[in-house]
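Here's the structure we're looking at; comments come further down.
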Amino acid sequence: MLEVHRLVTRSHLSSFVCFLEKLGNHQRLFGKGVSAPKVKGSTRLSSVCKRCLVMSATSVKSYEYVILGGGNAAGYAARQFVEKHGLSGHKLAVISRESVAPYERPALSKAYLTANPPTRLPAFHTCVAGGGAPQTPDWYAKNGIDLLLSTEIVDCDLNSKCLTAKDGSKYGYGKLLIATGSDALHLDELGMQGAHLGGIHYLREIAEADKLYEAMKACAGKHAVVVGGGYIGLECTAALVINGVRVTMVFPEPHVMARLFTPEIAAHYERIYAQKGVNFIKGTVVDSFADENGSGQVKYVRLKNGPVLEADLVVVGVGAKPRTTLLEGALAMEARGIKVDGHLRTSHADVFGAGDVITFPLKMYGNRMARVEHVGHARQSAMHAVDVMMGATTEPYDYLPFFYSRVFHLSWKFWGDTPAQAKTIVVGEMNPKLVAVWIDQDGHVVGTFIESGTEHDENKLKELARTRPKANVARLEEAAAANDVDGFLNAL
Ligand SMILES: Cc1cc2nc3c(=O)[nH]c(=O)nc-3n(C[C@H](O)[C@H](O)[C@H](O)COP(=O)(O)OP(=O)(O)OC[C@H]3O[C@@H](n4cnc5c(N)ncnc54)[C@H](O)[C@@H]3O)c2cc1C
């Protein structure tokens, strides 16, 4: 044994034992008929990392559980391992390419840009939005979780259960939770002319939020173009306006939030944005960007239908793509995401998925497969996946779709589904409330929406989207015609 200790550090003992076991040599050290020992803080070593140990006996760290990704899902999964399942003793690693511990990502386009003073870490580490304390790096250390930051995994060998980081370090796992999230779609990847210029911003990670914040402050009184009419575009526009920047929004759809809002709902939000000086250019897309005198900084935004806008700053929010590259060819995919079953299991044994990156069956809609890029799903799927990994549940994941956004003084929430043929009834003038319901062809309430609801309103609408009762359409239409929000809510 002394010889072993001289060859490898204590933390590498487990890897070395596994290496010897692979070569059939461990009996020479531990005695005939004795299997390789379970080393404190790591999994039974024969189940992990065999091939990568052969490659490098002294540079592999092995864990029973690894979370690949350090975002919203990762933070909630880590908490579930610790608080629900009592995991400790360095059996779990969270591996993230970001330089900070998991945080509540939605804050980046809200209080991070708009609050005075702006919200900064550690205030919004996960799981503050789930009612927990901010999980700072100290929390991970105190609970015996290895938090490996600034560590980008570049290879994932599912057969040998080995992850390889950019710097060559290797990590073995017993069970893996993939929570790599999604990335903003970048216009330069689509080959758009001028899309590489300085001053064009995307918002996904904290480093990008820092850059946008600085640029926004420097642009007070100047002009920005926001490309995209979804929630990122709307939230960034609100942040720019609050910081004194004049904004033009450009998007191809006929109104904002076209994937969720009806024209009637959108009109209310657009009215408020217009009152704050926001200019909308709808029904067209950006063709190219250009600088001035070779400055390398964006100055002009050319639209497809001809006009050229001047811009001191551009923010692009045109959608996201799931980060699946590492696993393509190794795992079954569907609808651009990693396909999981109702128990969040991928097509490979001992590999699970959570959050933006997975395509999963929506149990309440007959197991229709869906990919959802919203934080409620990231949190809930992560916690459910951990329960499955720990053998604590045999129940399938049963998610009620839920989206929300906050801009200016406004705050909306949506639950449920918006089938193409659904009838929508809207009531209210945003003073402060606006309520909408989606009713399917069989007359059932399937989707509910509220602006500035009370907790009581929100609980009721959430419950309705879950239980899908038959709607009293005549009463709802009557209340809507009378602009009677309370009567409408009572009729539901
Ligand atoms: C600006 C912004 C505002 C948002 N606002 C809202 C909102 O108001 N409401 C709402 O419902 N949703 C909102 N969302 C969406 C929500 O934040 C996401 O759905 C959620 O963060 C998804 O969690 P996730 O863990 O799946 O992915 P992420 O939170 O994106 O985490 C993925 C993590 O994996 C890491 N990673 C990826 N690849 C690797 C690799 N190879 N090696 C190591 N690490 C890797 C990433 O660096 C990142 O840390 C917002 C998103 C953004 C960007």
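In this structure, K166 does not satisfy being open to solvent by 50 Å² or more (accessible area, probe 1.4 Å) and closer than 18 Å to F81 by Cβ. When region 77-111 is filtered for residues that are within 13 Å of F124 (Cα to Cα), near the ligand (Cβ under 9 Å from one of its atoms) and touching a strand residue (DSSP E or B) at 6+ places or on another chain (Cβ under 6 Å), the ones remaining, listed by number, are Y103, K110.
Just give me the residues in region 92-117 being farther than 27 Å from T237 by Cβ, out of contact with any Leu (no Cβ under 9 Å at 6 or more places or on another chain) and part of a loop (DSSP other than H, G, I, E, B), in sequence order. Answer for region 92-117, where residues must be farther than 27 Å from T237 by Cβ, out of contact with any Leu (no Cβ under 9 Å at 6 or more places or on another chain) and part of a loop (DSSP other than H, G, I, E, B): there is none. Looking across L234, L309, one residue alone is open to solvent by 10 Å² or more (accessible area, probe 1.4 Å) and in contact with a helix residue (DSSP H, G or I) (Cβ under 9 Å, 6 or more places away or on another chain). It is L234.
Criterion applied to R79, R120 was being of a type in the set (K, R), in the same structural domain as G376 (by TED's automatic domain parsing) and in a helix (DSSP H, G or I), and the one residue passing it is R79. The single condition among (1) within 15 Å of the ligand (Cβ to nearest atom); (2) of a type outside the set (S, T, Y); (3) surrounded by fewer than 18 Cβ atoms within 10 Å (Cβ to Cβ) that A141 does not meet is (1).
When only residues in region 332-384 that are of a type in the set (A, V, I, L, M) and in a loop (DSSP other than H, G, I, E, B) count, which is modelled with the lowest pLDDT? Step by step, filter region 332-384, then rank; the result is A349. Being without any contact (Cβ under 8 Å) to a residue 60 or more places away in the chain, touching a Gly at 6+ places or on another chain (Cβ under 7 Å) and of a type outside the set (S, T, N, Q), is that true of even one residue in region 102-117? Checking region 102-117: at least one residue is without any contact (Cβ under 8 Å) to a residue 60 or more places away in the chain, touching a Gly at 6+ places or on another chain (Cβ under 7 Å) and of a type outside the set (S, T, N, Q).
When every residue of region 84-105 is checked against the conditions, at least one turns out to be among the hydroxyl-bearing types (S, T, Y), open to solvent by 30 Å² or more (accessible area, probe 1.4 Å) and under 20 Å from M383 (Cβ atoms).
Taken over region 111-134, the criterion of being aliphatic (A, V, I, L, M) and within 12 Å of A101 (Cα to Cα) is satisfied by L121, A123. Contact annotation: residue pairs with Cβ atoms under 8 Å, 6 or more positions apart or on different chains, pairing a residue in region 469-492 that is on the phi > 0 side of the Ramachandran plot with a partner that is part of a loop (DSSP other than H, G, I, E, B), are N483/G428; N483/E429.
On inspection, K211 does not qualify as more than 16 Å from the ligand (Cβ to nearest atom) and part of a helix (DSSP H, G or I).
Tell me whether region 342-355 contains one or more residues that are without any contact (Cβ under 8 Å) to a residue 60 or more places away in the chain, closer than 28 Å to G199 by Cα and not polar (S, T, N, Q). Within region 342-355, not a single residue is without any contact (Cβ under 8 Å) to a residue 60 or more places away in the chain, closer than 28 Å to G199 by Cα and not polar (S, T, N, Q). Look at (1) open to solvent by 50 Å² or more (accessible area, probe 1.4 Å); (2) farther than 30 Å from A311 by Cα and you find that D157 fails only one, number (1). Listed by position, the strands (runs of 3 or more DSSP E) enclosed by region 274-331 that each have at least 1 residues that are among the acidic types (D, E) are 286-290, 308-310. With respect to the conditions (1) out of contact with any Leu (no Cβ under 8 Å at 6 or more places or on another chain); (2) open to solvent by 50 Å² or more (accessible area, probe 1.4 Å); (3) within 16 Å of the ligand (Cβ to nearest atom), V372 falls short on a single one, namely (2).
How about region 215-265: which of its residues are without any contact (Cβ under 8 Å) to a residue 24 or more places away in the chain and within 16 Å of the ligand (Cβ to nearest atom)? The one that is without any contact (Cβ under 8 Å) to a residue 24 or more places away in the chain and within 16 Å of the ligand (Cβ to nearest atom): F261.
So is H384 under 24 Å from S347 (Cβ atoms), within 12 Å of the chain's Cα centre (by Cα) and in the same structural domain as H343 (by TED's automatic domain parsing) or not? No: the conditions fail for H384. Residues that are under 24 Å from T237 (Cβ atoms) and in contact with a His (Cβ under 6 Å, 6 or more places away or on another chain) do not occur anywhere in region 392-401. Quick one: would you say K175 is of a type in the set (K, R) and part of a strand (DSSP E or B)? Criteria met by K175.
Answer yes or no as to whether S169 is among the hydroxyl-bearing types (S, T, Y) and away from the ligand (no atom under 13 Å from the Cβ). No, not satisfied.
The values are calculated or read from the model by the stated rules, or taken from the named source; none is laboratory data. The structure displayed is predicted, hence computed values, not measured ones. Every residue, glycine as well, gets a Cβ built from its backbone with ideal geometry; the counts of neighbours run over all protein chains shown. SASA here: full protein model, heavy atoms, side chains in, ligands and nucleic acids out. Shrake-Rupley method; radii C 1.70, N 1.55, O 1.52, S 1.80 Å.
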